[in-house]
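Read-outs: derived from the displayed coordinates by stated rules, not from any lab. Being a predicted model, the structure only gives us computed values, none of them experimental. A quick note on method: Cβ atoms are made from the backbone with ideal geometry, for glycine too, and the neighbour counts reach across all protein chains shown.
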Amino acid sequence: MAKPNKFTFYKELHTASLETNCSHHKLKAHALLQDPTQKQPSINAFLGARYSRSADSVVDIAKEVMNKGQDAAKRLESIFYGYGHKSVGDMADLFLCLENVPMITAMRIFNMNPVLAGQERSTRFQNFEKPEFIKLPDSVKNQPLKDEYEAILNTHMKNYRDLLEPTRIALMQYFEIDEEDKQQVSALTARTFDTVRYFLPLGLQTSLGFVMSARMWSDMISQLGSSKYSVENDLGKLIHELLTTPGHSGTDYIPEADGLVRHTENNYSRKESTQAILKILSKEFSHDDNVQISRKLDKNLAVKLGTNQTENLLRHYQLLHHPLSENRKNKVSDKKLKEISSIIFDKHNHHNQLGNVGQSGTVMIEGFADFGVLKDLNRHRSMERFVPMWNDNVNLEEELNRDDKHCFFLCNYLHIPELIGLRKEYEKRLSATYDRIRKWHLGAKKVIGEDMAHEYTSYLLPHAHATRYRFYGSFDDLQYTIHLRSRNGGHVAYRSATYSWLKKLAKADPIWNGLIEKLPVVDPASRDQFIDRS
């Protein structure tokens, strides 16, 4: 029998915490409360709901509530169904911090929630001397499988530690860093961490903080509960318990909006519709054998203006089936489109959306990038985006079906000719690890089943892993992201990626030439750009 989760209430700190009693992960959820003595987010939602159906000022409505001592949560219950859950739930903001989640789960959460405001702990500020990973559960009795899983994770971390100092020295010498200049040393430290983080595995634990409405927390709990990832199932239950269960362990903890965290049952509509549609379309999808992924971003990049929503949707399904395939038009008959349409509108409506597979936009950018770059660009939630590897239904075997050397990208600094020796050391270590990951995945499927093998193989992948992405944006979305992400202060990898977007956009539409003329060329070999962290 599973042990109950451990609850702690810090009334004076306005914090309630819940952590799992589990052998293979140490998930924690913390609610940062606005006022531990009352349900302030529920009061805010009630005032907003009353305001929309009244001619009075919100000040008068607030006086009515406070002077009469009305219980906002109870009043909400009485008007709840008249407004509909979502419109009221959107007005109650809740601030949670989630700790010890896998790094890939942090990416997936940012990806699945387009309106959250949040931050993840930077890898620059974490101590990896004693790293914490997501482990295989005790229910897995095959010890050799467990040993190899942990050995691969530890190999990634050994590579990280082994090459930290050689990387720092190589960058210091090439960029002629003055060790008496604190600004230059600070830049060197940050750039070194940015370079070696490519070894960090996605099963490494991280922490993140989110502010979302009660409606969106409800949706997240529902999606986590239906995830293929068992750790995400546990995380969804933990969040739900923290947000909805009052008086833990005899305390006077008051959940801030428990009446608005509703409809949190597991929602399998996305999984079921995707599986049904992939079954219909599998014969239509072309597949490219021996896919070669260029390390030059421009060669992997495609830009399209004025996209077609149906073509985009079909392309997304194709990428789940063949993640490495080239973007070729596949003819789909009207009969099959009608079948697909029936599945979509049978499974999805205003309560159950398609999620990222159904996202599209005016301008499409498709290419390959490493997980580190995608993690950073994923934070621009005004852009629609589709990353097959963040979807439960991706064909992981085909994702890994390429030569070891084509499985990953390295930091742009390592492609400076003078650093070729260091680059070859990175490549040798990563290539050897990929061979082990592939073998572990095949063995794990036979022992623990396809879903668990998929989850835990994902934890073994490094930040260096190169995978397909599709981003969509308006003119304003793109100019904002390119302006922000190509400037000197950021990680050179996403700076190079977004500048490559700009070059492709300028070739497709001359209106982007003005931005080409304004922004400096991103140059990984530039000393000035290296030390500039402004």
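Points to keep in mind about this one:
- Candidates per trypsin sites (Lys or Arg not before Pro) in region 94-168, loop by DSSP, up to 16 other Cβ within 10 Å: Arg121, Lys141
- Selected from Leu94, Tyr456, Ile177, residue furthest toward positive end of dipole (the chain; charges at beta carbon): Tyr456
- The label-point distance for Lys296 and Ser57, in a model that sets each label 7 Å from Cα toward Cβ, rounds to 6.6 nm.
- Computed extension length for Arg379-Tyr174: 70.6 nm, one decimal, from 0.36 nm per residue of separation with the Cα-Cα distance subtracted.
- Helical runs (DSSP H, four residues minimum) scored at -39500 (n - 2.57) apiece and divided by the length of the chain put the mean residue ellipticity at 222 nm at -15000 deg cm²/dmol.
- Counting Lys and Arg as +1 and Asp and Glu as -1 over every other residue whose Cβ lies under 10 Å from the Cβ of Asp392, the net charge comes to +1.
- For the pair Gln309 and Thr251 in one chain, pulling the backbone fully straight at 0.36 nm per residue adds 15.7 nm over the alpha carbon distance.
- Gain on full stretching of the segment that runs from Val447 to His14 - 0.36 nm per residue minus C-alpha separation: 151.3 nm
- Set of aspartates and glutamates near Lys335 by C-alpha distance (under 19 Å), chain-local residues within fewer than 8 positions excluded: Glu284, Glu311, Asp346
- Reachable lysines, given that their alpha-carbon falls under 24 Å from the alpha-carbon of Lys504 and they are not under 8 places away in the same chain: Lys296, Lys299, Lys304, Lys329, Lys375, Lys518
- The label point for Glu150 and the one for Leu164, both projected 7 Å from the Cα toward the Cβ, are 2.1 nm apart.
- Each part reduced to its alpha carbon centroid, region 254-289 and region 445-479 end up 16 Å apart.
- Förster radius 25 Å - calculated FRET efficiency between Glu397 and Arg328, Cβ distance, rounded to 0.05: 0.75
- Across the chain, the longest piece that holds none of the GluC sites (Glu not before Pro) lying in DSSP loops with up to 16 other C-beta atoms within 10 Å covers 327-534.
- Label-point separation in nm, Thr362 to Ala525, each point 7 Å along Cα→Cβ: 3.8
- Spatially proximal lysines relative to Lys39 (Cα-Cα < 23 Å; intrachain offsets below 8 disregarded): Lys6, Lys11, Lys28, Lys63, Lys68, Lys74, Lys86, Lys237
- Residues Ser186 and Gln119, FRET efficiency given R0 of 25 Å [Cβ-Cβ distance, rounded to 0.05]: 0.75
- Computed E for Lys338/Asn127 - FRET, C-beta separation, R0 60 angstrom, nearest 0.05: 0.60
- Between region 206-240 and region 141-173, the Cα center-to-center distance that results, in Å: 30
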